[in-house]
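A short write-up of the structure that comes next.
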Amino acid sequence: MSDSYVIETNNLTKRYGENIVAVDGLNMRVRHGEVYGFLGPNGAGKTTTLRMLVGLIRPTSGQVKVLNEEPGAPEGLARIGAMIEAPAFYPFLSGRDNLRVLAKYAGVPETRIAPALKEVELSARSGDTFGTYSMGMKQRLGVAAALLKDPELLILDEPTNGLDPAGMAEMRDFIRNLGQGRRTVILSSHLMTEVEQICDRVGVIRNGSLVAEGTVDELRGRDRLRVKATPQAEARDLIMGLPGIERVEALNGHLHITADLDEAAAINRALVYGGITVSEIRVEQSTLEEVFLELTKGQEIRA
Amino acid sequence: MIGSIAAEVFVLRKRASTWILLGIWITMGAVFAYAFPYVTYRNNGGGPGGEQFADVLPQSLVSNLLVGFPFFGGAIVLMLGVLSFGSEYGWGTLKTLFTQRPGRLRIFGAKLAALGLVLAPFVGVIFVVGAIFSYTIAQVEGAAVDWPSAWLVIQALAAGWFILAVWAMLGVMLAILSRGTALAIGVGILYSLAIEGLLSALTGQISLLEPLVELFLRSSAYSLVVELGVSGEAMADRGPGSFSGPFVDGGQALLVLGAYIIIFTLVSGFTLRQRDVAG
């Protein structure tokens, strides 16, 4: 295990009984100061992994170090703020009193409570009992609780769940700000736009295993050219014969061409001179969502 | 650790169920230990000297109250123990607590310490209420006000707390094992009423059961209060809390109850530390 990572897992595995493998040999590396997006469809093993990182559940096998400590060790927990799955608080206590309880447990001064509530814009309702909060307010309180310790590592599991579009946008800005500077943020989500806009690097989990890890641009891959030309088969053959063309793929009535984008004019000219009608030619950028869907195709529904 | 204990005391203090259980316990004590015996005495013609009248006077404060601890008080604080841990599973707050700084065993210790502190008013307040009732009755009836010795009261308070602590700890263990409240309360009440109650009642017919029943929580708790002046006859006719023996000596009772506390604490702590928090 290396000191250069905030989170490092080696073959991390969690089994339930003989047949259910929730996390399967996961190797994940999260670097200091980055906002790491942890992507995966429902049931892929995201929450199980996050629970193992904070020591709520024990791995069946494999190693994991968080902030160079064993998961669940008090020394590590003191430096981690976490909101795992739905935010859970005492329903009969106010938002402020719930934070007061956590501050006492975490050994942080109560003077941190008001700024944390202000940061998530919950000050006005902080005197109301948690049981009366909307889902969005509960999420905000969960984030405020995670911030109480001014943590080095912030683990947020689906933090925009239950928020309206305006609230989601606010939360995205908020998380982006949190991730600036020395703090490391790991954000689990299945909302691509959220991850695309916030995260420095992304890991994609499928059936309990990490199937891709890299920056958003790395995962999206190279931009391609998209051409609609008739007749398509002749156009495909003609383009394949041009210099600098790496790959041509016909899909849904379009040709998707991997080549230097500066070749667009040359391709257009060649097609027109070849008597082929060109009705569309443009640069195509894969979205993270397309990459995600491709990577997670065939995800099984798991317990 | 002090901060963690303060947090838990704050939670228990703010929780309605703590006050409801305390209210039920105090009401039961006032009604069954004082109001009913006094009304019965008055209905039977009144006048000092009757057995029931003696029970409600200050001189009998310790014996009149302590007899309710081994079963009725126990059942109530069993629920308190169950709720203090079992509700955390229902609300999902265990995961919130376990991701704070202290670590599982310190959180467990803080919750137990807070529960122990909250048991103090369950013992103290009922003695205060009993003192007020007995004094008032003595004044109304013109009877002498003879309080038990301070040493006996201190022993009674300590024994009462100890008995309640064992029952509360049984509730804690059942809540942690069942990861909730409903099953834990059901099993706890069933155990105290059906298992311990029925087997104790059968010892008269089946003597083989006697060594087993002597190790029961109820027989040890009843034996402990007998050491402090509660008469065996007083507990033989108390509805679901009836107990007619076998009794053991005070030393053995203390040892058995102490062993129960240790076993319940170890099982609870080990389970809480080892088990995944998935909910």
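The values are calculated or read from the model by the stated rules, or taken from the named source; none is laboratory data. Predicted, not measured: the structure shown is a model, and the values here were computed from it. We place every Cβ from the backbone using ideal geometry, glycine too, and count neighbours over all the protein chains shown. Note: areas computed on protein heavy atoms with side chains; ligands, DNA, RNA excluded. Shrake-Rupley method; radii C 1.70, N 1.55, O 1.52, S 1.80 Å.
Side notes on the structure shown:
- Solvent-accessible area of the protein assembly as shown (1.4 angstrom probe, protein heavy atoms only): carbon and sulfur portion equals 57 percent.
- Kyte-Doolittle mean at least -0.5, axial Cα span of 27 Å or more - DSSP H helices of chain B: B:104-141, B:150-178, B:250-274
- Taking the helices alone, chain B has a mean residue ellipticity at 222 nm of -21500 deg cm²/dmol, built from -39,500 (n - 2.57) per DSSP H run of at least 4 residues and averaged over all its residues.
- Stretchable slack from residue B:132 to residue B:146, in nm (0.36 nm times residue separation minus alpha-carbon distance): 3.7 nm
- Net charge of neighbours whose Cβ lies under 10 Å from the Cβ of residue A:159, counting Lys and Arg as +1 and Asp and Glu as -1: -1
- Once both labels are positioned 7 Å from their Cα atoms along Cα-to-Cβ, the gap between residue B:1 and residue B:20 label points is 3.3 nm.
- Within the protein assembly as shown, percent of DSSP bridges classed antiparallel, to nearest 5: 65
- Across peptide A:55-62, the mean count of Cβ atoms from other chains lying within 10 Å of each residue's own Cβ comes to 3.
- Summarising the amide proton neighbourhood of residue A:212: residues at separation of 5 or more, or on other chains, whose placed amide H is nearer than 5 Å comprise A:204.
- Selected from A:246, A:110, A:85 as most flexible by GNM, with chain A as the system and alpha-carbon contacts under 10 Å: A:246
- Cβ-derived FRET efficiency at R0 30 Å, residue A:58 paired with residue A:256, nearest 0.05: 0.05
- Under the simplified labelling scheme, the residue A:121-residue B:244 pair shows an inter-label distance of 7.3 nm, with each label point 7 Å from Cα along Cα→Cβ.
- Residues with amide H under 5 Å from that of residue A:6, placed H, sequence gap 5 or more: A:30, A:31, A:32
- With Cα atoms, 0 to 90° folded angle of helix A:95-106 axis to chain A main axis: 80
- Shielding score for A:105-116, defined as the mean number of other chain Cβ atoms within 10 Å: 3
- Degrees between helix A:165-178 axis and first principal axis of chain A (Cα, 0 to 90, nearest 10): 80
- In this structure, the residue pairs whose Cα-Cα separation is over 22 Å, taken from A:149/B:14; A:149/B:95; A:118/B:111; A:65/B:111; A:118/B:14; A:104/B:95, are A:149/B:14; A:118/B:111; A:65/B:111; A:118/B:14.
- Gyration tensor (alpha-carbon) shape descriptor, chain B, a/c threshold 1.5: prolate
- The mean count of C-beta atoms from other chains within 10 Å of the C-beta of residues in A:65-77, rounded to a whole number, is 2.
- Buried surface for the A/B pair, taken as the accessible area of each chain alone minus that of the pair with a 1.4 Å probe, is close to 2800 Å² in total.
- Segment A:63-77 - phi-based ³J(HN,Hα) in whole Hz, Karplus 6.51/-1.76/1.60, Gly and Pro as x: 10, 8, 10, 10, 6, 6, 10, 5, x, x, 5, x, 5, x, 4
- Prolate/oblate/rounded label for segment B:70-215 (Cα gyration tensor, a/c 1.5): oblate
- Assuming charge only on the beta carbon of Lys and Arg (+1) and of Asp and Glu (-1), the dipole of segment A:222-285 about its Cα centre is about 140 debye to the nearest 20.
- Listed residue (B:252, B:270, B:186) projecting farthest to the positive dipole end of segment B:152-279, Cβ model: B:270
- Think of a 1.4 Å ball rolled over the protein heavy atoms: the protein assembly as shown then has 43 Å² of accessible area per residue.
- Interface residues of segment B:83-101, defined as those losing at least 40 Å² of solvent-accessible heavy-atom surface relative to the isolated chain (probe radius 1.4 Å), are listed as B:91, B:93, B:95, B:96, B:97, B:99, B:100, B:101.
- Packing order of peptides A:277-283, B:251-257, B:198-204, A:197-203, highest average first: A:197-203, B:251-257, B:198-204, A:277-283 (average count of other Cβ atoms within 10 Å over each peptide's residues).
- The longest part of chain B holding none of the exposed loop trypsin sites (Lys or Arg not before Pro), meaning those outside H, G, I, E and B in DSSP with at most 15 other Cβ atoms within 10 Å, is B:1-237.
- Three-way shape label, segment A:222-285, alpha-carbon gyration tensor, a/c 1.5: rounded
- Applied to segment A:184-201, the Karplus parametrisation 6.51 cos²θ - 1.76 cosθ + 1.60 on θ = phi - 60° returns per-residue 3J(HN,Hα) values of 9, 10, 10, 10, 9, 6, 10, 9, 5, 4, 4, 5, 4, 7, 9, 8, 7, 9 Hz, with x for Gly and Pro.
- Segment B:48-92 residues near the modelled residue B:139 label - backbone nitrogen below 14 Å, point 7 Å along Cα→Cβ: B:58
- Straightening the chain between residue B:259 and residue B:212 buys 15.4 nm, computed as 0.36 nm per residue apart minus the Cα-Cα spacing.
- Distance cut-off 40 Å, percentage of C-alpha pairs in the protein assembly as shown lying past it: 46
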